[in-house]
Structure formats: structure tokens, C-alpha cells
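**Q** Quick one: the structure is below, and I'll ask about it shortly.
What follows draws every value from the coordinates through simple rules; no lab data is involved. As the structure is a computational prediction, the values presented were derived from the model and not from experiment. We place every Cβ from the backbone using ideal geometry, glycine too, and count neighbours over all the protein chains shown.
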Amino acid sequence: MKIIVCISHVPDTTSKINFSDGDTKFERNGVQFVINPNDEFGLTRAMWFKEKQGATVDVINVGLSDTESTLRKALAIGADKAIRIDMSPENGFNVAKQLANYIKKENYDLVIAGRESIDYNGGMVPGMIAGLNNANFINNCISLEIDGTNVTASREIDGGKETIESCIPLVIGAQKGLVEESDLRIPNMRGIMMARKKQLEVIPAIDASNQTNSIEFEKPKPKGEVTLVSSDNLDELINLLHNEAKVI
Amino acid sequence: MAILVYTESEQGKFKKIAFELASYARAIADENNTTVTAVCFNAESPMELQNYGVNKVLNISNQDLKSFNAMSYSQCVFEAAENEKSNIIVISSSADSKYLAPLLAVKHNAGYISNACELPTSYSPLTVKRTAFTNKAFEITKVNTENALISLAKNSYSINEVKTDASLVDFSVNVSQNDTKVKSIDKATDKVTIADADTVVSAGRGLKGPENWGMIEELAEVLGAATACSKPVSDLGWRPHGEHVGQTGKPVASNLYIAIGISGAIQHLAGINSSKVKVVINTDPEAPFFKAADYGVVGDAFEVVPELINKLKTFKAQN
């Protein structure tokens with residue numbers, strides 16, 4: 001089985017978000033970048049398929065050379081090969097077209113991508129790859145078993161989950177639950193050394209347009225002071241929630 | 001050209017977000033001097049939508065589409081858009097809508113704007129404000145394509161009752177077969193979900209153990225709320241993953257969010273930031289959550305919560 005995991009290079013979850021150039025660009029200075037957490041859950045599940053079922057696992061990213069540190073980390077975790085499509089990603093649809101084109105050419109059986117990146121939260125790349133390549137698609141995937149060409153998976157739905165049967169070629173939108181937080185792997189020294197020798201192929205982007213573009217960013221307005229209520233005066237809390245906030 | 005809105009139903013009954021979306025689509029239509037067409041599946045009373053400004057309802061009655069299937073549903077919504085020559089499609093941010101959205105965007109070659117939080121600010125080019133960086137920022141996005149797909153973030157637009165005299169069309173689609181089939185659905189039907197809830201009661205490690213969740217569930221019951229939890233609590237296995245709210249968990253955009261024994265890590269706050277009113281109950285007055293909350297009680301959850309439950313019961317009985 002040939003697996004490819006799409007990796008997004010995103011600011012660490014603890015990052016403070018700032019913008020530059022008149023609030024038109026995300027300020028990358030001083031920001032620590034990591035593998036998008038939803039992609040990392042997917043990559044960890046892919047490692048299971050590699051170790052238990054002999055799958056090959058490639059990782060791919062659409063980005064400029066600064067994202068290679070994140071691809072190297074994925075190689076250190078255990079991916080076999082990395083591909084970087086050399087383009088500054090500005091729109092999820094365009095990114096999906098870049099990825100879908102490569103994936104189709106190389107005939108992957110299973111494509112794993114996080115259900116959304118934690119930076120732009122577009123939530124479109126996995127579904128668009130499936131749509132463009134006419135593959136099956138399971139979003140918000142929280143369990144995945146593959147036997148030959150048969151797939152059994154579950155999807156998180158509002159208030160529960162559903163069990164789905166499908167087959168490969170398949171694209172999943174990965175998220176927490178697909179593996180446990182405690183299953184995530186920190187690269188060890190041997191992995192890091194081996195990653196240096198693994199192939200990181202850089203390929204040019206195909207000609208595709210951006211369906212949307214960012215014009216500007218805004219930060220939420222600063223919050224007012226909290227209104228503290230004494231723990232022996234909870235009637236006042238109920239009064240405030242009822243008469244002032246009007247939420248109960 | 002009509003604005004097309006996909007109005008979701010559950011067991012044939014429209015969800016509340018269907019009316020929010022219809023109202024949102026009505027406002028877009030008014031600004032463009034056009035009409036609103038809704039598409040729905042197996043709706044029991046499709047004409048309910050004419051109370052919310054919809055001019056035409058395409059109801060798809062098809063027993064094969066009783067349960068949601070993203071491939072089939074996206075095909076149907078796409079054919080509805082073609083039929084109505086709609087270049088703007090509006091959908092919700094439910095798990096189902098976000099599942100079908102990218103498939104629909106590909107079919108319709110539409111610029112897709114997810115998590116829209118306001119009406120468009122311009123129509124040439126179409127420009128919409130959306131949330132990004134898990135609510136740590138807003139992004140103003142313009143659409144370059146002729147067609148657009150907008151997914152409206154939860155709790156971003158109020159229901160607006162506008163009576164129309166809508167027409168009803170029994171819309172039939174020759175649905176293509178696909179290999180993805182739902183085998184079973186495991187869903188608590190007696191509990192309000194985090195996605196649909198007006199109020200969410202959430203608790204963290206301050207509760208000390210899963211055996212102490214009884215009072216959280218009771219508080220949620222009194223308020224008609226959904227229960228949620230912080231990341232450490234779900235990682236420890238005290239509560240199911242489906243309850244984890246925050247940056248890598250579920251987003252919350254309720255009217256009222258009550259956080260009990262949650263310190264307020266930046267990842268947690270990002271995930272719940274879209275909630276309108278936030279209340280924190282914590283023993284530590286220095287907990288970061290107090291900076292993000294509207295109302296706060298410094299105190300021991302094991303004393304405050306039972307008393308709050310009693311007082312709320314009295315309040316509910318009187319109101």
C-alpha cells in the first residue's frame with residue numbers, strides 16, 4: 001500500500017499571532033513552526049500501517065524552502081521520502097490542485113491530510129484532493145482499518161460517530177482520535193540521523209490560479225475586565241447572566 | 001441568478017441553523033436584488049422556510065438519501081445550483097456541511113470561504129470576513145472566481161423572520177453510486193450536542209477525577225447545556241474525545257460558556273473564543289482564564305457548583 005501524508009507547516013499552538021505590512025501578512029518572525037497537529041495524528045497512523053502492514057509512507061508539503069525543517073521532522077518520525085512542491089501557498093484550492101496532481105501521477109492508495117490546518121483553518125484540502133481525483137473521502141476520521149482494498153473507518157459527527165465502509169483510493173481528513181495523543185512520536189537521535197540521508201525531492205508547482213486571496217487581517221478587539229462575583233453571592237451571578245448578559 | 005442555501009434537517013425536521021442560514025442568504029439576496037432558493041433533503045415541512053425569506057424550496061425526497069452521504073449530497077446541491085444558476089451557495093459549519101463543502105467547491109469551481117462570520121462587505125469582488133488562526137484573528141478574503149461557496153460560522157447571524165410566498169419544487173436528482181457507505185450511527189439522542197448547544201458547561205483537571213463529573217452533568221441538565229472538557233481531561237481518558245474543546249478539539253461558539261476548573265491555556269481559549277459570554281469558576285485568581293472571561297467566581301468548584309445548581313433550579317422554577 002502506498003500512503004502519502006500531506007504536511008502543513010504551521011505556527012506552534014502557543015504562538016502569539018501578529019501581522020505585518022499594514023496587517024496584510026502573517027508575521028513569521030519569532031514564531032516556532034511545527035507539523036500541523038491534525039496532520040501529525042495522520043502521520044502517526046500512517047506509521048502504524050508501515051510497521052504492521054508494510055506500507056510505504058511519503059510526506060508532501062506545498063511551501064518554500066523554510067518548510068523543509070518540518071518535512072525533515074516527518075522523515076525523522078519514520079516517513080520514507082519527502083516531496084516539497086515549491087510554491088508559497090496562498091489559497092487552499094490551489095494547494096489542493098498541486099497535491100492532487102502529484103498524487104494522481106504517483107498513484108497513491110491512501111492520502112492522509114489533517115481535517116484543517118490550525119493557521120488558516122480552511123478545512124478544504126483533503127476534500128478537494130478527493131474531489132479533484134475522484135477518490136473516496138472520509139472527513140473527521142477517528143479510526144481507520146484497511147484490509148486489501150476494503151476500508152472500515154469512523155467519522156466524528158456532531159454528538160457521536162458513524163461507522164463507514166469504503167475502499168481505496170481513499171482520502172481522509174485526519175484529526176485527534178485517529179491515534180491517541182500519547183501515541184505521537186518524538187523523533188529520536190537515530191531517526192534524526194537517518195532523516196538526513198532520506199530523499200527530499202523539490203518539484204516545481206503547476207500552473208493553477210488562486211480561487212480566493214487574503215486582503216487583510218484583523219485581531220479581535222481587546223476584552224473588557226472580568227466582572228468578579230463572590231462565591232457566597234451566586235444569586236448575583238444568576239442576576240447578571242439573566243439581566244445583563246441575557247443568556248439564561 | 002438566485003442565492004442558493006443548503007438547509008439541513010435531522011429526521012425530516014429543520015435544524016435551527018437552517019433558519020439562521022436562510023436569514024443570512026435573504027440578506028445577501030436583498031443586497032443583490034435577487035431571490036433565495038433553498039435545497040433540502042426529505043424535509044417534512046419544507047414550506048416552513050418561507051417564514052425566513054426563502055422564495056423557492058427544492059425538496060429532494062429520496063429514501064436512499066435518508067442518512068448523510070457527502071458524495072451524494074454534494075452532487076445534489078451542485079445540481080440545484082446549476083438548476084438555479086446560483087453563483088453564491090451558502091452552507092452551515094456543521095460537521096456534515098464542512099464534509100461536503102470541498103467536494104461541492106470542486107464541482108462548482110467555487111472560491112470557498114469557510115468560517116465566515118459576517119455578511120459580505122463587498123460583492124465586486126465578493127469579500128467576506130472569516131475567522132482564522134483558531135479565532136486568534138480574522139481574515140478578510142476576496143473571491144477571484146465567478147462562483148463562491150460560503151460556510152457561515154455558528155452563532156454569527158441571527159434568525160430574521162420574513163414572510164414570503166415561496167414555491168415548492170419536488171427536485172429529483174439521479175444520484176451517482178459511490179463506494180462510501182454509512183454502516184451505523186452511534187449518537188446519543190437524549191443529549192444536546194456541543195455543535196447545537198446554546199450553552200456549554202466545560203470542566204478541566206480542577207475536577208480531580210472522572211468520578212466528579214456528576215455535578216457538571218447536573219449543571220448542564222439544569223441549563224439545557226452540552227458538556228465539554230479541556231484537552232488534558234480527554235488525554236487522561238476521564239471524558240470522551242468528542243467532548244474536548246480547544247484548538248485541536250472542537251470549536252465552541254455558544255451563547256454561554258461556563259468553564260469550571262480550567263486554567264485557560266492559550267489553545268483552549270482559542271477554541272472557545274467565539275462564545276458570546278464566558279464564565280469562569282476557578283480556585284486560582286491568577287488563572288489566565290479570568291483575563292478572557294466576562295464573569296468570574298474565585299472559589300472551589302466542589303462548593304460553588306452544587307450551590308449554583310440549587311440556585312439555578314430555584315431561578316428556573318420562578319422564570
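**Q** How would you rank A:VAL202, A:VAL34, B:VAL54, going from fewest to most other Cβ atoms within 10 Å of each one's own Cβ?
**A** Arranged by neighbour count, lowest to highest, A:VAL202, A:VAL34, B:VAL54 become A:VAL202, A:VAL34, B:VAL54.
**Q** Under 5 Å between amide hydrogens, which residues at least 5 positions from B:VAL162 or on another chain qualify, with H placed 1.01 Å from N in the peptide plane?
**A** Here the answer is B:TYR52, B:GLY53, since their amide H atoms fall under 5 Å of that of B:VAL162.
**Q** Next question, about the same structure. Taking a point 7 angstrom from the Cα of A:ALA208 along the C-beta vector, which residues in region B:99-125 have backbone N less than 16 Å away?
**A** So the set is B:102-113.
**Q** If you keep only loop residues by DSSP, which GluC sites (Glu not before Pro) in region A:184-248 have at most 16 other Cβ atoms within 10 Å of their Cβ?
**A** A:GLU225
**Q** Additional query: Can you show me the helix-derived [θ] at 222 nm for chain A, built from DSSP H runs with n ≥ 4 at -39,500 (n - 2.57) apiece and divided by the number of residues, rounded to the nearest 500. Write down the numbers at each step before the final one.
**A** Working: 6 runs with 66 residues, N = 248.
Helices in chain A give a 222 nm mean residue ellipticity of -8000 deg cm²/dmol.
**Q** Between region A:177-196 and region A:1-72, how far is it from one alpha carbon centroid to the other, in angstrom?
**A** Answer, in whole Å: 13.
**Q** Compute the separation of the alpha-carbon centres of region B:35-65 and region A:208-248 and state it in Å as a whole number.
**A** For region B:35-65 versus region A:208-248, the Cα centre distance is 34 Å.
**Q** Okay, next question. Applying the Karplus parametrisation 6.51 cos²θ - 1.76 cosθ + 1.60 with θ = phi - 60° to the phi angles of region B:149-155, what ³J(HN,Hα) value in whole Hz is obtained for each residue in order, glycine and proline being reported as x?
**A** So the Karplus estimates, Gly and Pro as x, are 10, 10, 9, 8, 5, 4, 6 Hz.
**Q** Here's another thing I want to ask about it. Using the Cα centre of the protein assembly as shown as the reference point, and only Cβ charges (+1 on K/R, -1 on D/E), how large is the resulting charge dipole? Debye, rounded to the nearest 20.
**A** So the magnitude is around 1120 debye.
**Q** Please compute the Cα-Cα pair-distance distribution of region A:2-217 with 10 Å bins starting at 0, giving whole percents from short to long.
**A** Calculated over all Cα pairs of region A:2-217, the distribution is 8, 36, 37, 17, 2, 0 percent.
**Q** Can I ask one more? How many angstrom lie between the C-alpha centres of region B:69-143 and region B:192-206?
**A** About 27 Å separates the Cα centre of region B:69-143 from the one of region B:192-206.
**Q** Can you give the helix-only mean residue ellipticity at 222 nm for chain B, where every DSSP H stretch with n ≥ 4 adds -39500 (n - 2.57) and the sum goes over all residues, rounded to the nearest 500 deg cm²/dmol?
**A** One gets -8500 deg cm²/dmol as the mean residue ellipticity at 222 nm.
**Q** Same structure, new question: Structure shown: which of A:LYS25/B:LYS278; B:LYS191/B:LYS311; B:LYS276/B:LYS316; B:LYS98/B:LYS191 lie over 27 Å apart, alpha-carbon to alpha-carbon?
**A** Distance filter (> 27 Å) returns A:LYS25/B:LYS278.
**Q** Can you work out ³J(HN,Hα) from phi for every residue in region A:164-181, in order, using Karplus 6.51 cos²θ - 1.76 cosθ + 1.60 and θ = phi - 60°, giving whole Hz and x for Gly and Pro?
**A** 10, 10, 7, 8, 7, x, 9, 10, 10, x, 8, 7, 4, x, 4, 9, 7, 3
**Q** For region B:194-208, take each phi angle, set θ = phi - 60°, evaluate the Karplus expression 6.51 cos²θ - 1.76 cosθ + 1.60, and give the result in whole Hz per residue in order, putting x for glycine and proline.
**A** Result, rounded to whole Hz: 4, 5, 9, 6, 7, 10, 10, 10, 10, 9, x, 5, x, 7, 6.
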